[in-house]
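Visitor: Sharing a structure here in structure tokens format.
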Amino acid sequence: MFVYVKLLSGFQKTLIYKVPQHMLGLNLINKCILVPLRQKKVAALVTEHVSTPKTGTTFEIKEIIGLKPFPNDGQFHTFVEKASSLYFTNPLFFYQKLRHFLKKRKQDPLPPSTLKDTPKRNCLLSDEQSIAAQHIKQSLSYNKFAPTVLHGVTGSGKTEVYKEAIIAAVEREKSVLFLLPEVSLALQFTQRLRTELPSVVIYSFHSATPPQEKKLVWHALLKSKPILIIGVHLPVLLPIANLGLIIIDEEHEAGFEEKKHPKFNSKYLALLRASVYKIPIVLGSATPAIQTLYNVKTKRWPLFNLTKRFAGEFPVITTIVLPAQPKRRSSFWISKDLELAIDACLKEGKQAIIFLNRRGYSFFVQCKLCGFVIECQACSVSLTAHQENGKMTLRCHYCNHTRLMPSFCDGCKTSSDQFLTKGIGTQQLVEILQRLFPTARIARADLDITSKKNLWVATATAFERGEIDILVGTKSVTKGYHFPGVTLVGVIWGDLNAHIPVFNAAENCLQQLIQVAGRAGREHSESRVIVQLMTDHDMFKFINEIDYLTFANQELAEREATWYPPFCRLAQIELKHKNPSFVEREAKIVAAWLTKEVENFIDPVSILGPATPAIHKIQDIEVRHIFIKAQHFSTIEQLANPLQKLSLKSSLFITIV
């Protein structure tokens, strides 16, 4: 008996090995084994059993060394196969990713978080919390896929419900996955839950987890110990023999999707895993995804509402359309109402968050004489201005190319005195606020800061301690943080993302605004949120989060009328090549092939494109998109699988949107 294997190291060729006598009769398909390779023992995945080698094998075939230590998770291989089909990739990808997670590599350890421990709450749960917690605990014994949606307003104590469910699962000797959309949130929750759940063994497993802790996780999994694992993308891909519950907090967040192909989404993989393992899964959010609420309606997923804040009161929300306002003396971007509100907040010794979903100094730089915009030579985007070490620099936020601000316009050669900076970024906003409030302690929390985990932990700690008065932040500050001293949130250019040409722009924009507004007044009876807009829109009347479900129902009606998810399945086909003529031509070939293939389909299918995306070049790679809208995923599979076998020079990727 022989087996063909793929090495987990990523070596492309399939290798053959002999099955030793003591392993005959074992089903080794999709099992991880150790095999000899030159002078080393390496890990491999078995892909095929054969009784005799294929023709042409003339070399001596070596024997398998043995099975690689692997948690006794009998459903893991089924899950991987289904996940591979969902993301149109080889099962080997997931095993290689698992190997990469566990491989020891040098990294700078994060300092322990010094955020103050959340006070232990010994009070009884509210009736709403108790009902939700009891339902989830009961579902632990169902032995079936049991999703529960927890729609809790910001500050309503969703975590208290999670804690009840975690304790119940661990008491049943079950392990729990707790997924959050950001590493810094995972760090915060790990510290908090280790304090508040001393009887539960808790591990983190994410990009900031030290290698030694990952090894501890693996050893616990090998022994099937009941543990809680907290992370973002990685935990859902771990083999866990006694997995009994999955919790996804901030389930609406796009942060659960990987940035690189295959762009797997941890939330969708978690739902798939819960269905394969027949276990409960909890999806919690103050702003549940439209798709999730659709499943509540159509699949009867249980929905529990937490309508009251655990402490504090909801903020008073004001929207201001800037162009309709009188001209400001200090800055166009800070209305008089917001300026007065910040001043009052500081005088009361409270804190403010000023939210702008844009980092840098300004959006782009343009010559006012000839209209020339300075762009990145490798990407189809304008360069963003930054102030760095007293110098104005220009940076591409896709390839990180950086250059000094030029002295002359590349278009008409006029002096840089004629340059205009368009829009506003976080750096410029900090400068404006420092001029208005010279004694205030102001810090930034944009991607330049939050991507440096040590710096972001230090900034969040200082803000939580009251050592920062105003935090100017981008989307990271919208994600579930509890800053008790915040009584004012100001939103600059709140409609910035409302008009992006994607079908779910309104949903994403409103969710972000509600989430950032929810940082105000979590432990105070009086707080304010001021949302500044360039243009008004119906969605902004729903920023009061109590009305979010009304917005969701309206959005569902619009999606149904235009046949967009969740009323159809949407797949994005992405073609990439350095040569724009190649990718342009082959995108047309793919679109034509798809159009012809669907002519005889009974179920409705729509092919859109090819289209040139707004950002059509990144790091000298040209991109084209084609979209498939279909009633069922099986239809997309039927088209996508043969599509990947077309002879193309362009790289082709398929993602379910």
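Visitor: Considering the dipole of the chain built from charges on the beta carbon (Lys and Arg +1, Asp and Glu -1) around the Cα centre, which of P610, I33, H524 is farthest to its positive end?
Guide: Toward the positive end, the furthest listed residue is I33.
Visitor: Tell me, what ³J(HN,Hα) does each residue in the range 64-77 have, in order and in whole Hz, if you take phi through Karplus 6.51 cos²θ - 1.76 cosθ + 1.60 with θ = phi - 60° and put x for Gly and Pro?
Guide: The phi angles translate into 4, 7, x, 6, 7, x, 8, x, 7, 9, x, 9, 4, 5 Hz.
Visitor: Suppose the chain between A311 and K336 were pulled fully straight at 0.36 nm per residue; how much longer would it get relative to their current alpha carbon spacing?
Guide: 6.0 nm
Visitor: Once the Cβ-Cβ distance between F503 and M1 is put in as r, and R0 is 60 Å, what FRET efficiency do you end up with, to the nearest 0.05?
Guide: With R0 = 60 Å, the Cβ-Cβ based efficiency is 0.70.
Visitor: Please check which bits of the range 427-447 a label hung off T318 would reach, taking the label as a point 7 Å along Cα-to-C-beta and the cut-off as backbone N under 11 Å.
Guide: none
Visitor: Once the piece of chain linking E196 and C370 is laid out straight, how much longer is it, given 0.36 nm per residue of separation minus the C-alpha distance between them?
Guide: This chain segment gains 56.5 nm when fully extended.
Visitor: May I pose another question? Rounded to the nearest 0.05, what FRET efficiency is calculated for I65 and K97 with R0 set to 22 Å and r the Cβ-Cβ distance?
Guide: 0.45
Visitor: Now a separate question. Under a point spin-label approximation (7 Å from Cα along Cα-to-Cβ), what is the E597-H401 distance to one decimal in nm?
Guide: Going from the E597 label point to the H401 one covers 3.5 nm.
Visitor: Can I ask one more? For the range 168-184, in order, what is each residue's ³J(HN,Hα) by Karplus, 6.51 cos²θ - 1.76 cosθ + 1.60 with θ = phi - 60°, in whole Hz (x at glycine and Pro)?
Guide: Ordered by residue, 3J(HN,Hα) equals 4, 5, 5, 4, 8, 6, 9, 8, 10, 9, 10, 9, 10, x, 8, 4, 5 Hz.
Visitor: Moving on. Taking amide H positions as placed 1.01 Å from N in the peptide plane, with prolines and chain starts having none, which residues 5 or more places from K62, or on another chain, fall under 5 Å of its amide H?
Guide: The answer is K18.
Visitor: I would also like to ask the following. Alpha carbons only, please: Rg and Dmax for the chain, in angstrom.
Guide: 26.8, 87
Visitor: Continuing with this model, one more query. Quick one: which residues, 5 or more positions from V201 or on another chain, have an amide H under 5 Å from its amide H? H modelled 1.01 Å from N in the peptide plane, none for Pro or chain starts.
Guide: Result for V201 returns L228.
Visitor: Count the net charge of all other residues whose Cβ sits under 13 Å from the Cβ of D410, scoring Lys and Arg as +1 and Asp and Glu as -1.
Guide: +1
Visitor: Output the 0 to 90 degree angle, nearest 10, between the alpha-carbon long axis of helix 453-464 and the longest principal axis computed from the alpha carbons of the chain.
Guide: 40 degrees
Visitor: If you don't mind, there's one more thing I want to ask. Lys/Arg Cβ at +1, Asp/Glu Cβ at -1, dipole of the chain taken about the Cα centre: which of A352, T287, Y268 is farthest positive-ward?
Guide: It is Y268.
Visitor: In whole Hz, with x marking every Gly and Pro, tabulate ³J(HN,Hα) for the range 567-572 from phi via Karplus 6.51 cos²θ - 1.76 cosθ + 1.60, θ = phi - 60°.
Guide: Those phi angles translate into 8, 8, 9, 10, 10, 9 Hz.
Visitor: Going Cα to Cα from K267, which aspartates and glutamates come in below 16 Å? Please leave out same-chain ones fewer than 8 positions away.
Guide: Here the aspartates and glutamates satisfying the reach criterion relative to K267 are E182, D249, E250, E251, E253, E257, E258.
Visitor: Students often check this: by mean Cβ neighbours within 10 Å, which of 177-189, 597-609 ranks highest, and how do the rest follow?
Guide: The densest-packed peptide leads the list: 177-189, 597-609.
Visitor: Largest first and in whole Å, give the semi-axes of the range 127-306's equivalent ellipsoid, each being the square root of 5 times a Cα gyration tensor eigenvalue.
Guide: 23, 19, 16
Visitor: While we're on this one: Taking every pair of Cα atoms in the range 569-656, average 1/r, invert it to obtain the Kirkwood radius, and report Rg/Rh to two decimals.
Guide: 0.97
Visitor: Rank by packing, highest mean first: peptides 195-203, 471-479, with packing defined as the count of other Cβ atoms within 10 Å averaged across residues.
Guide: Peptide ranking by packing, descending: 471-479, 195-203.
Visitor: Follow-up question, since we're still on this one. In the range 569-656, how many lysine pairs have Cα atoms under 20 Å apart, counting only pairs 8 or more places apart or on different chains?
Guide: Taking the range 569-656 as the scope, the lysine pair count is 15.
Visitor: With a 10 Å radius around each residue's Cβ, average the other Cβ atoms per peptide and rank 242-249, 134-141, highest first.
Guide: Ranked from most to least packed, the peptides come out as 242-249, 134-141.
Visitor: So which of K163/K260; K41/K97; K215/K475; K144/K299 end up more than 22 Å apart, counting from Cα to Cα?
Guide: K163/K260; K215/K475
Visitor: Pull up all non-local amide H partners of L243: gap of 5 or more, or a different chain, and H-to-H distance under 5 Å with H placed in the peptide plane.
Guide: The list, which skips near neighbours in sequence, is S175.
Visitor: Scan the range 237-268 for trypsin sites (Lys or Arg not before Pro) in coil per DSSP, keeping those whose Cβ has at most 11 other Cβ atoms within 10 Å, and list them by number.
Guide: K259, K260
Visitor: Shifting gears a bit: Pop a pseudo-label 7 angstrom from the Cα along the beta-carbon direction at both E81 and K299 and give the gap in nm to one decimal.
Guide: 2.1 nm
Visitor: Starting from the Cα coordinates of the range 492-574, work out the convex hull volume and express it per residue in Å³.
Guide: Roughly 124 Å³ of hull volume per residue.
Visitor: Additional query: Can you tell me the 0 to 90 degree angle between the C-alpha axis of helix 633-643 and the longest principal axis of the chain, rounded to 10?
Guide: The angle comes out at about 70 degrees.
Visitor: So if we plug the beta-carbon distance of Q619 and Q134 into 1/(1 + (r/R0)^6) with R0 = 45 Å, what FRET efficiency do we get, rounded to 0.05?
Guide: 0.30
Visitor: Taking every pair of alpha-carbon atoms in the range 1-68, what share in percent sits in each 10 Å bin, from 0 to the bin with the longest distance?
Guide: 21, 61, 18
Visitor: Charges at C-beta only: +1 for Lys and Arg, -1 for Asp and Glu. How large is the resulting dipole of the chain about its Cα centre, in Debye rounded to 20?
Guide: 2260 debye
Visitor: Using the alpha-carbon atoms, what tilt in degrees (0 to 90, nearest 10) does helix 91-102 show relative to the longest principal axis of the chain?
Guide: Compared with the principal axis, the helix lies near 70 degrees.
Visitor: Dipole of the chain (Lys/Arg Cβ +1, Asp/Glu Cβ -1, origin at the Cα centre): which of G473, Q325, T461 lies farthest to the positive side?
Guide: Looking along the dipole axis, the top candidate is T461.
Visitor: Roughly what would the spin-label model give for A561 and K259, points 7 Å off Cα along C-beta, in nm?
Guide: The two pseudo-label positions are separated by 3.7 nm.
Every number here is computed from the coordinates shown, using simple stated rules; none is lab data. Remember, it's a predicted structure, so these values are computed and weren't measured experimentally. Neighbour counts run over all protein chains shown; Cβ positions are idealised from the backbone, glycine included.
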